[in-house]
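As structure tokens, the structure follows; a few thoughts come after it.
The values are calculated or read from the model by the stated rules, or taken from the named source; none is laboratory data. Quantities reported herein were computed from a predicted structural model and do not represent experimental measurements. Backbone-built Cβ (ideal geometry, glycine too); neighbour counts: all protein chains shown. Quick note on the areas: whole protein, heavy atoms, side chains included, nothing else; ligands and nucleic acids left out. Shrake-Rupley method; radii C 1.70, N 1.55, O 1.52, S 1.80 Å.
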Amino acid sequence: MNLRSAARGFLFFLLSVPVLQSNGDWTVTYSSSNVCALRGATVDINCTYEYPDNVQYRPTTVKPLWFTKASNYQPVVLEHDTEYTGRVEFSRGEVNCTGARCHGTCTLRIRDLRQSDSAVYKFRFTTNQPGGEYTGDPGVKLSVTDLQVKVSFPHPTSPTKAKLECHSMCDLAGDPRYIWFRNGQNVLQGMNYWIYIQSGYSYSCAVEGYEHQHSPLVYAPKTPSVTASPSGEIEEGSSVTLSCSSDANPAANYTWFRVNRDGSSRYMNQGPQLIFRRILSSDSGRYRCDTQNKLGDKCFFISINVKYGPKHISVYSSPSGEIEEGSSVTLSCSSDANPAAEYTWFKNNQPLLWEPPHTFPSFRPEDRGTYRCQAENKYGQLRSNLLFMDVKYAPKTPSVTVRPPGEIEEGSSVTLSCSSDANPAANYTWFKNNRRLTDTLTHPARTYGGTTGPTLKPEAAYTSRPGEDHSQSLPHL
């Protein structure tokens, strides 16, 4: 069987209803109104045309053409259309005139049919007679289609046993014989092919004699490709889209899951995209895209790492509670940040060149003050609350002063003052000649003379003892 006879035989189907278009004595008759053909085949579209035999204009000249579209209200000759270059052929028989009418035949042949060839084709002829041009409307509709593999599972008890059926949108004439291919290798003849679902296999069918014109392959999803948009670093608050695509036929269905730390999964979304309108730091983690069609499934994982500035900052000391002079104290600062924050310490609002955490091997009174820290990364900065660190210590050696200074004259007013650095504040006790003055137990000052105290006697020695821990003696007065 040659290509021409095969094309006219079972590779296309003609709706065999002749279509007559006439305008008085001018007519075009198509052998069919619809033609359906397989991609890659050759098709012939036939017609006959008639017009009046005007003896005055003998011999009548006829210029025929086929077209599918027009430009500036004029038909574009098909053989001049670049989409058909090398694939179209026109032929027409001799025009015969009998009685008062002339008639001829016309054929359009299109080889190596493409999906884009699907269109309405019209025949038009022009003569040298007055008004001697005519177009045969409505034309012939050509539909170009592929063989298709239909997948079904007729037996519910055998969910992995599939029936593959080779079919076409065209009703192919005759009794075509089908050939089946698995991974490109001829494996079977017949309209149907029974298989058990296995990964890594693809299937197609063809009409015998045209094995080079396979149907599109059917196969399980390939390993998906998963991307994040925008690419690069993901900042908290931005819009992020995860996209999943997989080569599969029939087309794959997509399902998104979030993978928990314990390995379990949580359903997120159906469809090829997972969209975060305003992504949060808590959205960091691992995600899985599942792809599935009737012939199998595949999955792929993607991890996203959301970047954000410091938050939840805190400053604390260890040990907590009261700090005693000389003890070891560690000052720490922490925050939640990605990437990890860098810290700056401040004491009484003055920056310190410390690295966190900072340890005081022996906490001193001069370390007392208000501390805070500042956390910072490329996405922001945050300051902690203030932390006041106090230190408890016993009274230091007291200082005792006499006012007025210098020589003291009998009968004058004199004030003795005692001071000591201590935390909490010290209590003071005065002694005279090593005898405690009970009426001045907690007063750091003692006044003599005038109306504020007893008359000062010469040769008296006074001592002040803050908190019974330290004392300071005065010279004899």
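A few points about this structure:
- Among (1) out of contact with any Cys (no Cβ under 8 Å at 6 or more places or on another chain); (2) among the aromatic types (Phe, Trp, Tyr); (3) surrounded by fewer than 16 Cβ atoms within 10 Å (Cβ to Cβ), the one test that Tyr121 misses: (3)
Rundown of residues vs (1) in a strand (DSSP E or B); (2) at pLDDT below 95, yes/no style:
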residue	(1), (2)
Phe300	yes, no
Tyr308	yes, no
Ser314	yes, yes
Ser317	yes, yes
Phe346	yes, no
Glu355	no, yes
Phe363	no, yes
Gln374	yes, no
Gln381	yes, no
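- Selection from the stretch 261-284 of residues that are of a type in the set (Gly, Ala, Ser) and either in contact (Cβ under 8 Å) with a residue 40 or more places away in the chain or touching a strand residue (DSSP E or B) at 6+ places or on another chain (Cβ under 6 Å) (or both): Ser265, Gly271, Ser281, Ser284
- Residues (surrounded by 15 or more Cβ atoms within 10 Å (Cβ to Cβ) and under 17 Å from Val140 (Cβ atoms)) located in the stretch 90-103: Phe90, Arg92
- Members of the stretch 215-248 that are more than 30 Å from Ala337 (Cβ to Cβ) and surrounded by fewer than 19 Cβ atoms within 10 Å (Cβ to Cβ): Pro216, Leu217, Lys222, Thr223, Ser225, Ser245, Asp247
- Condition check for Val149: within 30 Å of Phe67 (Cα to Cα), modelled with pLDDT of 90 or more and surrounded by 12 or more Cβ atoms within 10 Å (Cβ to Cβ): no
The rows are residues; the columns are (1) in contact (Cβ under 8 Å) with a residue 12 or more places away in the chain; (2) of a type in the set (A, V, I, L, M); (3) not in a loop (DSSP other than H, G, I, E, B).
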| residue | (1), (2), (3) |
| --- | --- |
| Val28 | yes, yes, yes |
| Val35 | yes, yes, yes |
| Ile45 | yes, yes, yes |
| Tyr49 | yes, no, yes |
| Pro64 | yes, no, yes |
| Gly86 | no, no, no |
| Ser91 | yes, no, yes |
| Glu94 | no, no, no |
| Leu113 | yes, yes, no |
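For (1) out of contact with any Ser or Thr (no Cβ under 9 Å at 6 or more places or on another chain); (2) open to solvent by 40 Å² or more (accessible area, probe 1.4 Å); (3) within 30 Å of Pro159 (Cα to Cα); (4) hydrophobic (A, V, I, L, M, F, W, C), each residue gets a yes or a no:
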{"residue": "Gln292", "(1), (2), (3), (4)": "no, yes, yes, no"}
{"residue": "Cys299", "(1), (2), (3), (4)": "no, yes, yes, yes"}
{"residue": "Lys311", "(1), (2), (3), (4)": "no, yes, no, no"}
{"residue": "Ser320", "(1), (2), (3), (4)": "yes, yes, no, no"}
{"residue": "Pro339", "(1), (2), (3), (4)": "yes, yes, no, no"}
{"residue": "Phe360", "(1), (2), (3), (4)": "no, no, no, yes"}
{"residue": "Phe363", "(1), (2), (3), (4)": "no, no, no, yes"}
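- For the stretch 390-419, the set of residues classified as surrounded by fewer than 15 Cβ atoms within 10 Å (Cβ to Cβ) and over 30 Å from Glu324 (Cβ atoms) consists of Arg403, Pro404, Pro405, Gly406, Glu407, Glu409, Glu410, Gly411, Ser412, listed by residue number.
- Failed condition for Arg277, given (1) modelled with pLDDT of 95 or more; (2) within 30 Å of Ser152 (Cβ to Cβ); (3) open to solvent by 50 Å² or more (accessible area, probe 1.4 Å); (4) not aromatic (Phe, Trp, Tyr): (2)
- All of Pro310, Pro351, Pro339 fail the test of being more than 26 Å from Pro221 (Cβ to Cβ) and without any contact (Cβ under 8 Å) to a residue 24 or more places away in the chain, apart from Pro351.
- Among (1) part of a loop (DSSP other than H, G, I, E, B); (2) touching a residue at least 24 places away in the same chain (Cβ under 8 Å); (3) under 37 Å from the mean Cα position of the chain (by Cα), the one test that Tyr203 misses: (1)
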